[in-house]
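Chemist: Can you keep this structure in mind? I'll have questions shortly.
The values are calculated or read from the model by the stated rules, or taken from the named source; none is laboratory data. Quantities reported herein were computed from a predicted structural model and do not represent experimental measurements. Backbone-built Cβ (ideal geometry, glycine too); neighbour counts: all protein chains shown. Heads up: the accessible areas ignore ligands, DNA and RNA and are worked out on the full protein's heavy atoms, side chains in. Shrake-Rupley method; radii C 1.70, N 1.55, O 1.52, S 1.80 Å.
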Amino acid sequence: MKENHSLKRNIGMPQAIALYIGAVLGSGVLIVPGLAAEMSGPASLLAWGFMTLLILPLALSMGLLSAKFPNAGGVSYFVTLAFGPKAGSLVGWFFLMSVPIGGPVAALTGAGYMTAALGWGDGARIAIAAGMLAIGLITNWIGMQVAGKVQIAVVIAIIAVLVFSFAAALPRMESAHFTPFMPHGWTSIGQSAAILFWCFIGWEAVSHLSEEFKDPQRAAVKGVTIAAIIVGVLYFLSALATVGTQSYLRGGADSSLVWIISQPLGSWGGFIAGLTGLFICTATIIAYTGAASRVAFALSRQGYAPKWMGRLSERYQTPTGAIGFLLACFAAVLFLYGSGLLSITTLIQFPNATFILTYIGGCAAGIRLLKGHRPGVIISWISFAATVAVFPFTGWAIGYPLVITAVFIIIVLLRNKHASIADLSEVNTQQEKSKVI
């Protein structure tokens, strides 16, 4: 297949800002404020404050790298430049294996908001989630062209709902809801900060689009700064509304926004919140399914993933092997959730660990690649230190990237073995030719 070596530069500043906000301000805002409050009570606001301050250097480090090295490979490409192809491919695997779990979590989150609004049960939630995942897979199988105007419209809708929910929460916020402030101790704040990382992923996804920015320097740096400020403020306000109204206790930790909006608008408010959550999460699924399937295809082409992952559709020239892999993973995760073996809180922690490691790799690459740009190196160091500090709080979920690393090592060993056999065969062939001559 003939490959294009460059992508069309058609993403301007407004589109870049919308893409950044849309990638980051996704399913996390619907579920995590309630879960964090459930874990550490009002003290979860300290974790939100810490993470809000963290996202600016974190976002800027990704933006500076995207501006200097615009490439569809994103974080994996940055790590490859800094530490070699094996390290870059391992980071690619961390990203790839985050989506098979992260996709169903996003789907169950959106479906949960809709079923909570309509009073439906868990069976309906799983069915709707399966439909959302199917839309993501089919869209990427047929092929998807991101429309900037649609993305901007979606982001405006998300911001409008969040601002309205905070305004609706203000009359119901009471000082009594903030005491006791730290019911579960300091450790719970660290645990909350780890799960909050789910809300701030997405900067790395847009780095895959940096090659298509009209002006990478301006869009990647200025765009990401504006987006980070907007995202940080909206997340903190959502968390403040959740704690101040104790909606995580009244409406359920994973559907607190429905309760907040339903109070002033009644059942229609819940339906609007549920429908909004459905569309937000479906958009997130489509974006990450596309990114993961392309990463799998790239890894296969480089020899760091099975060959069948690199199969392309003859009709659409889309990575059907990788999409089939994601389909199997999505089905398995939904089965585990439906059987009651895994909860959403548990599921979130798996991709959290791999996403944090992806950022650690990207920040480490920034320290090395941004030499000569002192602010960039400082920002990368701050981001690196902060993400490393958060990582231990992922707890037992650290085992997930360890398993991925073990599988990756096996793949590399098999690849090296096949390469050695191929080289030996080539040498023998050359020797046979020499004898004949």
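Chemist: Between Phe83 and Trp120, what FRET efficiency follows from the Cβ-Cβ distance if R0 is 45 Å, with the result rounded to 0.05?
Modeler: That gives a FRET efficiency of 0.40.
Chemist: Please work out how much length the chain gains when fully extended from Thr179 to Trp381, using 0.36 nm per residue of separation minus the C-alpha to C-alpha distance, in nm with one decimal.
Modeler: Gain on extension, Thr179 to Trp381, equals 69.1 nm.
Chemist: In whole angstrom, how far apart do the alpha carbon centroids of segment 165-181 and segment 19-91 sit?
Modeler: Each part's Cα centre sits 28 Å from the other's.
Chemist: Could you look at the chain and say what percent of its accessible area is carbon and sulfur, using a 1.4 Å probe and all protein chains?
Modeler: Carbon and sulfur atoms account for 67 percent of the accessible area of the chain.
Chemist: Excluding ligands, DNA and RNA, what is the solvent-accessible area per residue of the chain at a probe of 1.4 Å, expressed in Å²?
Modeler: For the chain, the solvent-accessible area averages 43 Å² per residue.
Chemist: So, one more: At R0 = 45 Å, how high is the FRET efficiency between Ile138 and Leu170 if r is their beta carbon distance? Nearest 0.05 is fine.
Modeler: 0.60
Chemist: Which whole-number percentage describes the relative contact order of the chain, with Cα contacts under 8 Å and a sequence gap of 6 or more?
Modeler: 32
Chemist: I'd like the FRET efficiency for Thr405 and Leu312, computed as 1/(1 + (r/R0)^6) with the beta carbon distance as r and R0 of 35 Å, rounded to 0.05.
Modeler: 0.80
Chemist: Ok, one more. So, in nm, how far is label Arg218 from label Ser343 when the simple model puts each one 7 Å beyond its Cα toward the Cβ?
Modeler: Placing both labels 7 Å beyond Cα along the Cβ direction yields 4.9 nm.
Chemist: Could you calculate, for the chain, the ratio of the Cα radius of gyration to the Kirkwood radius, expressed as Rg to Rh?
Modeler: 1.00
Chemist: Please identify the longest segment of the chain free of exposed GluC sites (Glu not before Pro), where exposed means a DSSP state other than H, G, I, E or B and no more than 15 other Cβ atoms within 10 Å.
Modeler: 4-173
Chemist: Dividing the convex hull volume of the Cα atoms of segment 84-137 by its residue count, what figure in Å³ per residue is obtained?
Modeler: In segment 84-137, the Cα hull volume divided by residue count equals 64 Å³.
Chemist: Among all stretches of the chain without exposed trypsin sites (Lys or Arg not before Pro) (DSSP loop, at most 14 other Cβ atoms within 10 Å), which one is longest?
Modeler: Result, exposed sites excluded: 10-213.
Chemist: Helix 85-118: angle to the longest alpha-carbon principal axis of the chain, degrees 0 to 90, nearest 10?
Modeler: So the helix axis and the longest Cα principal axis differ by about 30 degrees.
Chemist: As I understand it, the value is the acute angle between the Cα axis of helix 122-142 and the longest principal axis of the Cα atoms of the chain; what does it come to in degrees, rounded to 10?
Modeler: 40
Chemist: I've got another one for you. By how many degrees, between 0 and 90 and to the nearest 10, does the Cα long axis of helix 216-245 differ from the longest principal axis of the chain?
Modeler: 40
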